[in-house]
Amino acid sequence: MTTSYTLSRRAQALTSSAIREILKVTERPEVISFAGGLPSPATFPVERMREVTEKVLREAPESALQYGPTEGFSPLREWIAARLSHGGAVVPASRVLITTGSQQGLDLLGKVLIDEGSKVLVETPSYLGALQAFSLFAPQFASLPSDAQGIVTDGLSPEQLAGARFLYCLPNFQNPTGRRMPLERRKALVALADAAGVPLVEDDPYGELSYGGEALPSLLSMNPDGVIYMGSFSKVLAPGLRLGYVVAPEHVLGKMIQAKQAADLHTPSFSQRIVYEAVQGGFIDRHIPAIRSLYAAQCEHMLAALEREFPKQVSWNRPEGGMFIWVDLPEGVDSGALLAKAIERNVAFVPGAPFYAVNPRKNTLRLSFVTVPGEKIDAGVKVLGELLRAEIAALPAAA
Ligand SMILES: Cc1ncc(COP(=O)(O)O)c(C=O)c1O
């Protein structure tokens, strides 16, 4: 008899990430890719990693290679807690869970806070990987009106938030738009969520990648009991380490720890010890400025190319940090169709539609500029400019 596999309804509903599909194409060396959200390998601290890996293996081989506690390696939890404690807002290490990348934090959050049909509030647009992670638990997404400064708090009432399991937001250099939420909006959002009794989930992998402006206070520091915070070493050290963290009130964290136990027992002891050693002695604060200045220069290069090559009907933002530029095309231009033509000419980007939880806007796209050398940025943007001119010329209104 032929064995038949009946997939769970959850598995049947799974779809492949639009980005992963595009990344397969971009593996071809001739493709200029603005698609991936990968950090630049030029920023990986290889020497430091070699040095601290040797140290860990020399000084603590048995515990580094052994199972460890689900919560994470205590000294690393304490280091994270201290780094996140600003001014009066002290984060206790007991609120920190080390995760296998912050992506795992999103999955655990979905597991412990979402039931089928639960209301989950998100920005418009939002991080695709979070939408995917939450979708496994079949929530009802509500997408909050947002502009170039994030969620529009003016006109938003606590009643509109009420009843949601949480509001997921990315205040710093958001993926996909690169936008940052100003201080006044942060304060307004925290006050609104508090009045509605709705937890805020602050996903912050890009917070340290400001190109020069002052750091703004985290939502966590404004209301430690009302915010679940997620951070990551992926963009400040290296993503292959798969090291992230969640800060949450202890009763929620306890459930996430139980869910993590079932998922993978714990985050690799070896990675945790390596990262703990790597950040010591002020290394991380010497290392991050080098990432910021590389990304700022790359961003300037791409902005200059867009200014030169893109038709005037197209607009984009000027990010103050992070890894992405968000592009708005005239109504009627479909960035999915544009991508197919771009790939024929060996250029790739990510269409904007998958980043919307509801009502996708097809005339948007995301450009990542951090991994592409300057001359390739120029060549790739030139191709996109030519294709856009042709698309715009073919629009009915322009005929
Ligand atoms: C907004 C956001 N959150 C979470 C992640 C996941 O990061 P990691 O699992 O590498 O920590 C990413 C990755 O690009 C991201 O952009």
Of the DSSP H helices in the chain, the ones reaching 24 Å or more along their long axis in Cα terms and averaging at least -0.5 in Kyte-Doolittle hydropathy are 283-309, 374-393
Given charges of +1 on the Cβ of Lys and Arg and -1 on the Cβ of Asp and Glu, with all other atoms neutral, how large is the dipole of the range 66-283 about its Cα centre, in debye to the nearest 20?
320 debye
Would you mind getting the accessible area per residue of the chain, heavy atoms of the protein chains only, 1.4 Å probe, in Å²?
45 Å²
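Take each of the peptides 119-125, 375-381, average the number of other beta-carbon atoms within 10 Å over its residues, and list them starting from the highest. Walk me through the intermediate numbers first.
On the way: 119-125: 23.7, 375-381: 18.7.
Ranking the peptides 119-125, 375-381 by packing returns 119-125, 375-381.
Does the range 115-269 come out rounded, prolate or oblate, given a ≥ b ≥ c as the square roots of the eigenvalues of its C-alpha gyration tensor, rounded meaning a/c under 1.5 and, failing that, prolate meaning a/b above b/c? Kindly include the intermediate steps, with their values, before the conclusion.
Values: a/c = 1.59, a/b = 1.14, b/c = 1.39.
It comes out oblate by the Cα gyration axes.
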Taking K and R as +1 and D and E as -1, what net charge do the other residues with C-beta under 11 Å from the C-beta of D154 add up to?
-1
Using the basic label-point model (7 angstrom from Cα toward the beta carbon), what is the A262 to A337 distance in nanometres?
4.6 nm
What nm distance separates the two modelled labels at S85 and M1, each placed 7 Å from Cα along Cα→Cβ?
6.2 nm
Rounded to 5, percent antiparallel among DSSP beta bridges of the chain
55 percent
Restricting to lysines 8 or more places apart or on different chains, can you count the pairs in the chain with Cα atoms under 19 Å from each other?
9
Near the amide H of I32, under 5 Å away, which other amide H atoms are found, from residues 5 or more places off or on another chain, if H is placed in the peptide plane?
V347, A348
Considering only protein heavy atoms and a 1.4 Å probe, what is the carbon-and-sulfur percentage of the accessible area of the chain?
54 percent
Tell me the label-point distance for the pair E54, K24, using the 7 Å Cα-to-Cβ offset, in nm and rounded to one decimal.
4.2 nm
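Using the Cβ atoms and a cut-off under 14 Å, what net charge is assigned to the surroundings of S85, where Lys and Arg are +1 and Asp and Glu are -1? List each step's numbers first, then the result.
Numbers: positive: R77, R83, R95; negative: E78.
Computed value for this residue: +2.
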Largest first, how would E344, E30 line up by accessible area (1.4 Å probe)?
E344, E30
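Using only the Cα atoms of the range 155-228, build the gyration tensor, take square roots of its eigenvalues as a ≥ b ≥ c, and label the shape rounded, prolate or oblate: rounded if a/c is under 1.5, else prolate if a/b is larger than b/c, else oblate.
Details: a/c = 1.94, a/b = 1.89, b/c = 1.03.
It is prolate, given that a/c is not under 1.5 and a/b is the larger ratio.
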Select from P61, A82, Q104 the residue farthest towards the positive end of the dipole of the range 53-105; place +1 on Cβ of Lys and Arg, -1 on Cβ of Asp and Glu, and compute about the Cα centre.
A82
A chain fully extended from A394 to R9 at 0.36 nm per residue, minus the present Cα-Cα distance, gains in nm 134.4 nm
Going by the alpha-carbon gyration tensor, a ≥ b ≥ c the square roots of its eigenvalues, is the range 284-323 rounded (a/c under 1.5) or, if a/c is not under 1.5, prolate (a/b greater than b/c) versus oblate?
prolate
For the chain, the dipole about the Cα centre with charges only on Cβ (Lys and Arg +1, Asp and Glu -1), to the nearest 20 debye, works out at 440 debye
Over the chain, the sum of -39500 (n - 2.57) across DSSP H runs of at least four, divided by residue number and rounded to 500 deg cm²/dmol, gives at 222 nm -13000 deg cm²/dmol
Give, rounded to the nearest 20 debye, the magnitude of the charge dipole that the range 104-206 has about its Cα centre when Lys and Arg contribute +1 at Cβ and Asp and Glu contribute -1 at Cβ.
120 debye
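The values are calculated or read from the model by the stated rules, or taken from the named source; none is laboratory data. The structure presented is a predicted model; accordingly, all values stated were derived computationally and were not measured. For neighbour counting, all protein chains shown are included, and Cβ atoms are generated from backbone atoms with ideal geometry for every residue, glycine included. These area figures cover heavy atoms from the full protein model, side chains too; ligands, DNA and RNA do not enter into them. Shrake-Rupley method; radii C 1.70, N 1.55, O 1.52, S 1.80 Å.
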